[in-house]
Amino acid sequence: MDNAFIATTFDWDHRTPKDWQRFTNKLLRKLRIGAQLTPVPGNMANVEARMNLFHLLEQTVANKVPGDVVDVGCNAGDSTIVMQRVISELAPEKQVHAYDSFEGLPELTANDSKDGVYEKGYMAAGLELFTKKFNALGLKLPHTHKGWFEATIPSQLPDRISFALIDGDLYESTKHVLPHLYERMAPGAIGMIAVYYDEAIYQRKGLPGGYRSPGVKRATDEFFRDKPEKVSLLYANEYSNGYFRKL
Ligand SMILES: C[S@@+](CC[C@H](N)C(=O)[O-])C[C@H]1O[C@@H](n2cnc3c(N)ncnc32)[C@H](O)[C@@H]1O
């Protein structure tokens, strides 16, 4: 299997909004007007981040790590599409599980609102869109778990996990899910953390998209402070990733 489908399945035009469009979009959301100026961000990641996902997941299959595959923060399903495609072709006995509110981010606590990046409802994408994308590609539908992570995790997690994509963008979401995923990960399982980047290394200023999720690294580093595993950085420009391998 090759990863050429990544380049051809997605529309890689980022359609990055300009500052004034971002500002107007924010205003529209504040006023609860259900419209956004175009262009709105089309993809939740770039091609490099998708390649990272492909290669890390494929490694766990090649190494025969036992357990199922989870996408925690699946949004409209673009990451889940990569995961389901790999699993359907290489390890169809595994089940893919996708988790999301399907109504965007939750109410922010002080730990996230202090970053001044996000607000409740940001990135809302419904389950219908998720399903539509899978049907259009003729891909098997994963198990979807609609709801706040605090309600679906851990109760709806599989007992054993071979690969987890952790992509909740917020400090609180990352902090909540990490211990439950970690506990269920088999030895050799990989956890990939989306938008885990070091602001000291990857300056956000001037980068296309200016995508920021500083709470993700904060929560992840706190969690791993007393763990034997190390989180490594994988370059993907403004969508750089972290990953760890469970010992
Ligand atoms: C960046 S998006 C995920 C992108 C997706 N993994 C991809 O690569 O295409 C983050 C998602 O996490 C979800 N999310 C964040 N915190 C959540 C929480 N506490 N409960 C449920 N969903 C949450 C949001 O609804 C959003 O769809």
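The values are calculated or read from the model by the stated rules, or taken from the named source; none is laboratory data. Given the structure is predicted, the values throughout are model-derived calculations rather than measurements. As a convention, Cβ positions derive from the backbone with ideal geometry for all residues, glycine included, and neighbour counts pool all protein chains shown. For accessibility, only protein heavy atoms count, side chains too; no ligands or nucleic acids. Shrake-Rupley method; radii C 1.70, N 1.55, O 1.52, S 1.80 Å.
Details
- Those residues of segment 77-109 which are of a type in the set (A, V, I, L, M, F, W, C) and open to solvent by 10 Å² or more (accessible area, probe 1.4 Å), in sequence order: L90, F102, L105, L108
- When residues in segment 57-94 are screened for being in contact with a strand residue (DSSP E or B) (Cβ under 8 Å, 6 or more places away or on another chain), part of a helix (DSSP H, G or I) and within 14 Å of the ligand (Cβ to nearest atom), 5 of them pass.
- Given (1) farther than 22 Å from M51 by Cα; (2) open to solvent by 10 Å² or more (accessible area, probe 1.4 Å); (3) at pLDDT 95 or above; (4) not β-branched (V, I, T), index of the condition K205 fails: (3)
- Pick from segment 220-247, criterion part of a strand (DSSP E or B) and of a type in the set (A, V, I, L, M), ranking: surrounded by the most Cβ atoms within 10 Å (Cβ to Cβ): L234
- In the set (1) at pLDDT 95 or above; (2) touching a Leu at 6+ places or on another chain (Cβ under 6 Å), the condition left unmet by E89 is number (2).
- Segment 209-219 - residue that is open to solvent by less than 30 Å² (accessible area, probe 1.4 Å) and farther than 19 Å from Y182 by Cβ and, of those, modelled with the lowest pLDDT: G209
- Any hit, segment 35-52, residues being more than 16 Å from the ligand (Cβ to nearest atom), over 28 Å from G138 (Cβ atoms), open to solvent by 50 Å² or more (accessible area, probe 1.4 Å) and at pLDDT 90 or above: no
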